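The values are calculated or read from the model by the stated rules, or taken from the named source; none is laboratory data. Given the structure is predicted, the values throughout are model-derived calculations rather than measurements. Here the Cβ positions follow ideal geometry from the backbone for every residue, glycine too, while neighbour counts run over all protein chains shown. Protein only, heavy atoms only, side chains kept; ligands, DNA and RNA dropped before computing areas. Shrake-Rupley method; radii C 1.70, N 1.55, O 1.52, S 1.80 Å.
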Amino acid sequence: MDFAISRRRMVEQHIKSRGVTDALVLEAMLQVPRHLFVEDALAGQAYGDYPLPIGHRQTISQPYMVAVMTEALQLKGGERVLEIGTGSGYQTAVLARIAGRVYSVERIPELARRARRILDQIGCSNVNIKVTDGTFGWEEQMPFDAILVTAGAPSIPRGYLEQLEVGGKLVIPVGSLGSQVLMRVTKTAEGRFEEERLLDCRFVPLIGGNGWQNDEY
């Protein structure tokens with residue numbers, strides 16, 4: 001299979017045609033080899049527009065959603081970005097093609113190790129990964145120009161807002177376990193925030209002290 005052709009078709013048919021226009025995002029989606037971030041048996045499905053299982057009850061998000069969430073951050077290049085939920089590492093890689101430095105938090109050690117290995121393989125040397133409860137963010141590395149959360153939260157953890165730089169943007173799915181709304185929150189000044197509802201979505205739960213508890217999931 002020619003994965004480069006599949007990748008270009010994915011961008012043209014599933015991303016550009018549905019309204020994603022950010023040139024940096026489109027180029028990143030063309031560059032990142034999504035088939036490396038799924039199990040070998042699923043490589044042939046890697047460029048379809050749907051999520052795929054990656055183990056541990058987690059998924060790699062559909063390409064369109066990855067593109068929409070990345071575009072919503074309105075990155076210009078060179079930013080410090082916090083990602084909550086490394087997962088497969090695919091979204092991380094897309095961010096790393098645009099941002100100056102990506103700080104990614106993952107609660108499942110096996111996923112973090114696998115993502116690190118693939119990110120190193122494709123040359124994403126500007127990514128730091130930490131295994132911890134992502135609902136608390138990464139306070140030691142704050143402030144961030146952008147924060148992207150790849151799991152659905154019952155509400156917006158206060159720590160994320162505090163760790164944003166003024167002018168920074170947080171993109172996060174918020175709602176019930178079954179469905180969420182993708183929100184963009186812009187920090188307009190210290191203690192002041194502007195919220196936007198972007199679209200309906202469905203993500204795996206954000207598990208942790210400031211998210212869903214394991215016994216609720």
Inter-residue pairs, beta-carbon under 6 Å, first closer than 18 Å to residue 73 by Cα and in region 21-47, second open to solvent by 60 Å² or more (accessible area, probe 1.4 Å) and not aliphatic (A, V, I, L, M), 6+ apart: 28/97
Neighbours by Cβ (under 7 Å, 6+ apart or cross-chain): first from region 53-69, over 13 Å from residue 11 (Cβ atoms); second part of a helix (DSSP H, G or I) and open to solvent by 20 Å² or more (accessible area, probe 1.4 Å): 56/110
Looking at 70, 92, which is the one that is touching a Cys at 6+ places or on another chain (Cβ under 9 Å) and not basic (Lys, Arg)? 92
Report yes if residue 24 is within 20 Å of residue 184 (Cβ to Cβ), open to solvent by 70 Å² or more (accessible area, probe 1.4 Å) and either out of contact with any Ser or Thr (no Cβ under 8 Å at 6 or more places or on another chain) or at pLDDT below 95 (or both), otherwise no. yes
Would it be correct to say that residue 117 is closer than 20 Å to residue 144 by Cα, open to solvent by 30 Å² or more (accessible area, probe 1.4 Å), among the basic types (Lys, Arg) and modelled with pLDDT of 95 or more? no
Among the residues of region 40-72, which ones are open to solvent by less than 30 Å² (accessible area, probe 1.4 Å) and aromatic (Phe, Trp, Tyr)? 47
Could you say which residue among 47, 90 is within 30 Å of residue 185 (Cβ to Cβ), touching a Lys or Arg at 6+ places or on another chain (Cβ under 7 Å) and among the aromatic types (Phe, Trp, Tyr)? 90
Of all residues in region 89-105, which are surrounded by 24 or more Cβ atoms within 10 Å (Cβ to Cβ), farther than 18 Å from residue 160 by Cβ and more than 10 Å from the chain's Cα centre (by Cα)? 96
Whichever residue in region 139-155 is within 15 Å of the chain's Cα centre (by Cα) and farther than 22 Å from residue 57 by Cβ and, among such residues, is most open to solvent (accessible area, probe 1.4 Å): 145
Tell me, please, whether a residue that is among the aliphatic types (A, V, I, L, M) and under 23 Å from residue 136 (Cβ atoms) can be found in region 16-30. no
Of the residues 75, 82, only one is in a strand (DSSP E or B), open to solvent by less than 20 Å² (accessible area, probe 1.4 Å) and either out of contact with any Lys or Arg (no Cβ under 9 Å at 6 or more places or on another chain) or of a type outside the set (Asp, Glu) (or both); which? 82
